[in-house]
Amino acid sequence: MKHPTYSARQSQLFTKTRKEAPKDEVSKNAQLLIRAGYVHKEMAGVYAYLPLGLRVQNNIKEIVREEMEKIGGQEIIMTSLQRKELWEKTKRWDDEVVDVWFKTELKAGGDIGLAWSHEEPIADMMKNYVASFRDLPIFVYQFQTKLRNELRAKSGIMRGREFVMKDMYSFCLDEAEHTRFYNSTIEAYKRVYERLGIGADTFVTFASGGAFTQFSHEFQTIAETGEDVIYINREKGIAINEEVLNEATLKELAITRADLEEVKTAEVGNIFNFGTQKSEDLGLFYTNDKGEQIPVWMGSYGIGITRVMGLLAEKFSDAKGLVWPEQVAPFRVHLVELQSDNVDVRAEAAEVYRELTEAGVPVLWDDRDVRAGEKFADSDLIGIPLRVVVSEKTLAAGKFECVHRQGGRVEHKSMSELLGQLTA
Ligand code: ATP
Ligand code: MG
């Protein structure tokens, strides 16, 4: 299915760019995104997504969605209000055990939890759909707003108290079936990060926390402002989180400390093998072909959608502003019209806007009555990949000036050449 293309006129866009980010905003991603009008800071760690920001978030989600569908995922949305009893069954209601809970009370009485994760509710829900071995495997995923009472929220949208995660859950017959799916997820995740433009900087990293296995896997991307430290060997493609960097791990992976380079990273995703513990705690069993009751083998697979967006904002930016990669940019073309007293630039720009939009290319058209310098500065800050300038000069030349935001390369193209390039 082809998605509809929405273009927009900048004069109609309610957001404005601003010279300064709020004084209390210390993170680079949020400073850029607030200044360019992508997000609004509601409070520390809590951000609203405005038209430009939501388009980027949706583009990231769409890439992730395509890859989750390819490995058999079925999309759902769980609820944000959760039952205390479920989390008590797995001993995770206690604030000493899970230190990021937001909790509240019903007026009619009784505690409820605000979703920081969905493993327990999803496993419990599956009791309604899993009876026999014929019902498995099941793979479900969602894009959900998670609420976490993070102690420190100083990394902008990379560590939110309210943030969007893609979480997938697998329900398998046994370890062998689980392992096959787990490995296919690793490949799907690699494709996701590749498509997002961070494949070369993202490492599948050995980390702690596998329930039945020794390790879980994190996906860590090299980032200046990342909160994690990992140790990598680029040639061998080995990466180890500092929490599991010890003699035993080095021996197991047949590598020495001297062969590892220390890098700062951001965790953009992680995957867990739960084994059957959670199913046993919550009572999720199936009947096998001998009539025996067997606990379901579970796994969970996360990607931090809004954290990835913050990481891309930081990684793909320069002194002038954002430099979005094509596949996540809010629009593909920033059409900048420079008014003139002599010729009808507006009519020509309207024609370009119409033709590109009809060809399926989303365009942001700067049709505002402001100076050229201001338009260019805003265009640099907003960071759309291709700027197409329509002015008295370009009309006379019969070609538009096309400037690539990344690298600044300038080309001169006619309407048909431009269309050809953008729809190739
Ligand atoms: P971290 O160690 O960074 O707190 P986590 O281990 O708590 O992460 P998970 O609960 O496994 O993370 O969540 C899955 C993914 O969601 C993470 O890999 C990360 O990309 C993202 N994520 C986790 N916490 C946040 C947050 N507070 N804000 C934004 N994204 C987050
Ligand atoms: Mg955490």
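The values are calculated or read from the model by the stated rules, or taken from the named source; none is laboratory data. In this text the structure is predicted, and so the values were computed from the model without any measurement. Every residue, glycine among them, receives a Cβ derived from its backbone with ideal geometry; neighbour counts consider all protein chains shown. Accessible surface areas use protein heavy atoms only, side chains included; no ligands, DNA or RNA. Shrake-Rupley method; radii C 1.70, N 1.55, O 1.52, S 1.80 Å.
When you filter the chymotrypsin sites (Phe, Trp or Tyr not before Pro) in the range 310-381 for DSSP loop state and at most 16 other Cβ atoms inside 10 Å of their Cβ, nothing is left. In units of the rule-of-thumb radius 2.2 N^0.38 Å, the chain shows an alpha carbon radius of gyration of 1.12. Apply the a/c threshold of 1.5 to the C-alpha gyration tensor of the range 48-196 and tell me whether it is rounded, prolate or oblate. Judged from the Cα gyration tensor, the range 48-196 comes out oblate (a/c at least 1.5, b/c at or above a/b). Within the listed set F14, F163, F215, the Gaussian network model of the chain (springs between alpha-carbon atoms below 10 Å) gives the highest mean-square fluctuation for F14.
What is the calculated FRET efficiency for T423 to K190, with r their C-beta to C-beta distance and R₀ = 30 Å, to the nearest 0.05? My answer for the efficiency is 0.55.
Could you rank the peptides 234-244, 282-292 by their average count of other C-beta atoms within 10 Å per residue, with the highest value first?
Highest mean packing first, the order is 234-244, 282-292.
Per residue and in Å³, how big is the convex hull formed by the alpha-carbon atoms of the range 274-337?
Output value, Cα hull per residue: 152 Å³.
Based on the Kirkwood approach, the hydrodynamic radius assigned to the range 10-49 is 10.5 Å, with every pair of different Cα atoms included.
Normalising by the residue count of the chain, find the relative contact order in percent from Cα pairs under 8 Å and 6+ residues apart.
Answer for the chain is 17 percent.
Taking loop as defined by DSSP and a crowding limit of 12 other beta carbons within 10 Å, which trypsin sites (Lys or Arg not before Pro) in the range 1-84 fit? Answer by residue number: K2, K16, R18, K19, K23. With all protein chains kept in place, the per residue accessible area of the range 333-423 amounts to 44 square angstrom at a probe of 1.4 angstrom. Based on alpha-carbon atoms, the Kirkwood radius and the radius of gyration of the range 178-307 give Rg/Rh equal to 1.05.
Taken per residue, the accessible surface of the range 13-318 reaches 46 Å², heavy atoms only and a 1.4 Å probe. With helices as the sole contributors, the chain gives -9000 deg cm²/dmol at 222 nm; each DSSP H run of n ≥ 4 counts as -39500 (n - 2.57), and the sum is divided by every residue. Cα centroids of the range 88-160 and the range 355-412: 45 Å apart.
First measure r as the distance between the Cβ atoms of T15 and D174, then evaluate 1/(1 + (r/R0)^6) with R0 = 51 Å and state the FRET efficiency to the nearest 0.05. The calculated FRET efficiency here is 0.50. Other residues whose C-beta falls under 13 angstrom from the C-beta of T221 contribute a net charge of -4, scoring Lys and Arg +1 and Asp and Glu -1.
With viscosity 1.002 mPa s and temperature 20 °C, the Kirkwood radius over alpha carbon pairs of the range 349-424 converts through Stokes-Einstein to a diffusion coefficient of 165 µm²/s. Taking a Cβ cut-off of under 14 Å around L50, the surrounding Lys, Arg, Asp and Glu residues balance to a net charge of +4, with basic ones at +1 and acidic ones at -1. On the chain, 50 percent of the accessible area sits on carbon and sulfur atoms, based on a 1.4 Å probe.
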